[in-house]
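Peer 1: Have a look at this one.
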Amino acid sequence: MPEPVWLREELILFIHRRQILQHGGSLGLRDRGLLEASLARPRQVYAYGQNVDIARLAGLPTRGQLFATIPLWTAISVWHSWRVESSCG
């Protein structure tokens, strides 16, 4: 499998903020270290795992809640952004 396009922390935070402003909820990040660890985990699994595919990387659970509010639209928007970035590269 070729290396995936990794989403940057800034993009995740931007999408989350945009979705909260559009759909409502509380702005705020609960734990920056947790966000960093959540973004690093798929890279680690990609680098050291066996039989890794994109579905497994995308489905890796986050330990704890990153944001004060997590609208479904944030998850959908992040997924869509990944698709757009990966199709452009």
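Peer 1: Quick one: how many residues across the range 8-23 are exposed (fewer than 13 other Cβ atoms within 10 Å of the Cβ) and either touching a strand residue (DSSP E or B) at 6+ places or on another chain (Cβ under 7 Å) or among the aliphatic types (A, V, I, L, M) (or both)?
Peer 2: Looking only at that region, the number is 1.
Peer 1: Just the residues that are surrounded by fewer than 13 Cβ atoms within 10 Å (Cβ to Cβ) and either within 12 Å of the chain's Cα centre (by Cα) or assigned to a helix (DSSP H, G or I) (or both), please, taken from the range 24-42.
Peer 2: Within the range 24-42, R32, G33, E36, A40 meet the criteria.
Peer 1: Also, quick follow-up: Just checking, how many residues over the range 15-43 are under 19 Å from A58 (Cβ atoms) and not hydroxyl-bearing (S, T, Y)?
Peer 2: Pass one, the range 15-43, residues under 19 Å from A58 (Cβ atoms): 15-16, 19, 34-43.
Narrowing further to those that are not hydroxyl-bearing (S, T, Y): 15-16, 19, 34-37, 39-43.
The number of residues fulfilling the criteria is 12.
Peer 1: How many residues, within the range 43-52, are surrounded by fewer than 12 Cβ atoms within 10 Å (Cβ to Cβ) and in contact (Cβ under 8 Å) with a residue 24 or more places away in the chain?
Peer 2: Counting residues in the range 43-52 that are surrounded by fewer than 12 Cβ atoms within 10 Å (Cβ to Cβ) and in contact (Cβ under 8 Å) with a residue 24 or more places away in the chain gives 0.
We did not get these values from a lab; they are worked out from the coordinates using the rules stated. What you are looking at is a predicted structure, and each value in this text was computed from that prediction instead of being measured. Note that each Cβ is placed from the backbone with ideal geometry, even for glycine, and that neighbours are counted across all protein chains shown.
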